[in-house]
Every structure is written in C-alpha cells, then in structure tokens.
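For reference, the structure is listed below as structure tokens.
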Amino acid sequence: MMKILAVIPARYDSQRFPGKPLAKIGDRSMVQWVYEAAKSCSAFSEVVVATDSQKVADCVLGFGGKVEMTRSDHLSGTDRVAEVAQRYPEMTVIVNVQGDQPFVTPLMLTQLVAPYLAAETPPMTTLACPLDPDSGYLDPNVVKVICDRHHDALYFSRSPIPFYRNSGEAPVYQHLGLYAFSRDFLVKYAQLPPTPLEHCEGLEQLRVLEHGYKIRVCYSSMSVVEVNTPEDLAVAQLLVEQEVRSHS
C-alpha cells in the first residue's frame, strides 16, 4: 500500500520575513494553518513540520502537531524535506507542503499527488492553476510554467512566457509552489548540483529540468494567497477577518 509523507518546512530565520511561521493569522500561527490543512488531506499517511528552530518546534507541539528537528545549513526547503524523509523509510511518496501557504486546501493537496494515487510513478509533481493574463503575465512574482502535451513542464520563468508573436492559446499556467516526489527521486534530487538557470531565475525546480528529469504538472482551478512578506500577511489577516465577519 502506498504511503505518503507530507513535510512542512518551517524556517524561522527567513531573510524576507523573520519569524514567519509563527506569524498570527486570526487566532492561529501560520504553521498551524498549514499543518491543519495537510492533516485534513486524506491522501497523506503522516504529516510533520521540519524546522531548525526550537521556537517553531514548541509552537507545533503546543497545538498538538508532530515536529522533526533538522540541520540549520539547508539551502532550500526541499533539502530540509529530504533530511526528514530519510527518517521515514516506509514512505513511498514525499510531499513538500510549503509553509507560506496558509490557505492551501485538502483538494489542492490531493490534486498534487493524483498521479501517484493513480499508480503512476513520475519522479516529481507540482501544481499549477489558470494564469490571469492581465495581472500575472508580466508580474515577476507570479511564476509561469509551460507544459508539453503530456503535462510535463518544459520551463518555469518569472518572465512573461511564451512570447506571443502570433495570437492563440498556449499551455501556460501560474505555478503554485507545492511539490511531491517519489522517494527514490527525492534522494537523487538532494544530491544534484545547482544549475545556471536555477540561479538566474531564483527557481529551484529548474535544477530538475536542467539535469534532464521530468516534472509532472497537476492542475488546480484556483490559486491561494502566499505569505512571503509582512505585506502579504496583512492581506491574509484581512481575508480571515472578512470570513469571520461573514459568519457572524
């Protein structure tokens, strides 16, 4: 029987937003929002938070979550996930549930692992949603992904891709930063050296494509608010306040 481990990397010393996992949205910390969403996904066999911060660990234990302490020298969240995966040899699929997506839904997480649930074995999957051509196409903070006819990623970019020399439809979507890996490939991924395009774009998933591996792109009908900065946090807090008011 397939077992899927969901790992939430939670780094306290973020350069853009120190202490981000513990930032409050409504009455809960952001890491608790993400943890509860992942726990609500029936496809996952186990959910853990991976952190090098005792403050984050204490918070997770305080709301009844499971936590794994990791080294503090990891360059990416995926490297932290790979360290934790070594402690769960019985798991066949490992999911990186980004700790900056407090509004991720169980449906989106199920869509992310859908190929594995269908007994397919891609090295890696990720999630994408429709791209808003007016607001997202030119925005470098909105990562675009273009796909081949088999729904595998051809390229990810912060630039507007493709260039429309001719009018028409193109298989371009907004990338959502969620990843799942077959166990064997995650071990391999953690050993791949960084690559030029990864460095230029600041997108770690390009390392996979540059080394010749495939990423299956799964689809969601919507995006969710990510929290990368204090300004993003204010937007998230406003959304929760509006939701509370609508139910009062």
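The values are calculated or read from the model by the stated rules, or taken from the named source; none is laboratory data. Treat the numbers as computed from the prediction; the structure is a model and nothing was measured. In this analysis, Cβ positions are derived from the backbone assuming ideal geometry, glycine residues included, and neighbour counts consider all displayed protein chains. Protein only, heavy atoms only, side chains kept; ligands, DNA and RNA dropped before computing areas. Shrake-Rupley method; radii C 1.70, N 1.55, O 1.52, S 1.80 Å.
Values computed for the structure shown
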{"quantity": "Flagged links, alpha-carbon separation over 22 Å, of LYS3/LYS24; LYS24/LYS55; LYS3/LYS55", "calculated": "LYS3/LYS24; LYS3/LYS55"}
{"quantity": "Spin-label model distance (nm) - ASN228 vs LYS66, 7 Å beyond Cα toward Cβ", "calculated": "3.1"}
{"quantity": "Most fluctuating residue given options GLY26, GLY99, GLY212, as computed from a GNM of the chain linking Cα atoms under 10 Å", "calculated": "GLY212"}
{"quantity": "Label point at GLN242 placed 7 Å out along Cα→Cβ; residues across the stretch 89-113 whose backbone nitrogen lies under 18 Å", "calculated": "102-105"}
{"quantity": "Structure-based [θ]222 nm, the chain - -39500 (n - 2.57) summed over DSSP H runs of at least 4, per residue, nearest 500", "calculated": "-8000 deg cm²/dmol"}
{"quantity": "Exposure rank, largest accessible area first [PHE181, PHE103, PHE17; 1.4 Å]", "calculated": "PHE103, PHE17, PHE181"}
{"quantity": "Cβ charges +1 (Lys, Arg) and -1 (Asp, Glu), total dipole of the stretch 12-154, debye", "calculated": "280"}
{"quantity": "Rounded if a/c under 1.5, otherwise prolate or oblate - the stretch 49-108, Cα gyration tensor axes", "calculated": "rounded"}
{"quantity": "Straight-distance crosslink candidates among aspartates and glutamates, where the alpha carbon sits under 17 Å from LYS39 and sequence neighbours closer than 8 are dropped", "calculated": "GLU68, ASP100"}
{"quantity": "With all protein chains modelled, accessible area of SER159 [1.4 Å, Å²]", "calculated": "60"}
{"quantity": "Most fluctuating residue given options ALA114, ALA50, ALA82, as computed from a GNM of the chain linking Cα atoms under 10 Å", "calculated": "ALA114"}
{"quantity": "Distant-in-sequence amide H partners of TYR155 (H built 1.01 Å from N, under 5 Å)", "calculated": "ILE146"}
{"quantity": "Cβ-derived FRET efficiency at R0 30 Å, SER221 paired with LEU197, nearest 0.05", "calculated": "0.55"}
{"quantity": "Hits among lysines - C-alpha to C-alpha of LYS214 under 18 Å, sequence gap 8 or more where chains match", "calculated": "LYS144, LYS188"}
{"quantity": "Loop-resident sites, the stretch 1-93, for GluC sites (Glu not before Pro), counting at most 10 other Cβ within 10 Å (DSSP)", "calculated": "GLU90"}
{"quantity": "Computed FRET value (nearest 0.05) for THR105 with ASN166, which takes r as the C-beta separation and R₀ as 30 Å", "calculated": "0.25"}
{"quantity": "Length-normalised contact order for the chain - Cα pairs under 8 Å, 6+ apart - percent", "calculated": "22"}
{"quantity": "Tensor-based shape of the stretch 16-55 (alpha-carbon gyration tensor, a/c under 1.5 rounded, otherwise prolate or oblate)", "calculated": "oblate"}
